[in-house]
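Presented below is the structure to which this report refers.
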Amino acid sequence: MMPTTHEMVPVASGVLQFQTVLDTIAILVGIVAIYSLLRLNKSLGGKLSSAIRFFNLGMAANVVAIIWSTFYGHMYIVAGATLDIHHLLMSVGMIFFVISTRKLSGLVAN
């Protein structure tokens with residue numbers, strides 16, 4: 001039988017203090033990067049601004065994934081279905097990074 005989300009939380013957050021320190025650093029760096037890109041994007045416009053917005057969405061999805069897994073673990077059970085929220089958020093972040101890259105490559109090619 002699969003353990004519930006609440007049973008997995010102590011395992012996810014208490015495995016290594018080292019991991020928690022790295023996660024905290026990654027969250028702080030991610031938040032600073034998002035803030036910096038938001039400020040930079042105010043002075044830009046056009047297609048470059050669009051590419052940076054998608055990159056920022058990818059960063060935000062990754063930061064939320066780290067926050068989620070730090071506090072709740074990876075798995076979440078909804079109506080009997082087990083979802084790996086961390087994996088889903090990282091996948092969404094990857095999609096945003098790919099869209100951002102496509103938009104940036106369009107600028108270079110033109």
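The values are calculated or read from the model by the stated rules, or taken from the named source; none is laboratory data. Bear in mind the structure is a predicted one, so any value in this text is a computation, not a measurement. Every residue, glycine as well, gets a Cβ built from its backbone with ideal geometry; the counts of neighbours run over all protein chains shown.
Quick notes
- Selection status of Tyr76, among the aromatic types (Phe, Trp, Tyr) and in contact with a strand residue (DSSP E or B) (Cβ under 9 Å, 6 or more places away or on another chain): yes
- Test set (1) more than 23 Å from Ser91 (Cβ to Cβ); (2) modelled with pLDDT of 80 or more - Val63 fails condition number: (1)
- Look at the stretch 89-110: where a residue is farther than 15 Å from Met59 by Cβ and free of Cβ contacts under 8 Å to residues at least 24 places away in the same chain and a partner is assigned to a helix (DSSP H, G or I) and among the hydrophobic types (A, V, I, L, M, F, W, C), sitting 6+ places away or on another chain with Cβ atoms under 9 Å, you get Arg102/Ala51; Arg102/Phe54.
- The selection criterion, being of a type outside the set (Val, Ile, Thr) and surrounded by fewer than 18 Cβ atoms within 10 Å (Cβ to Cβ), holds for Lys47.
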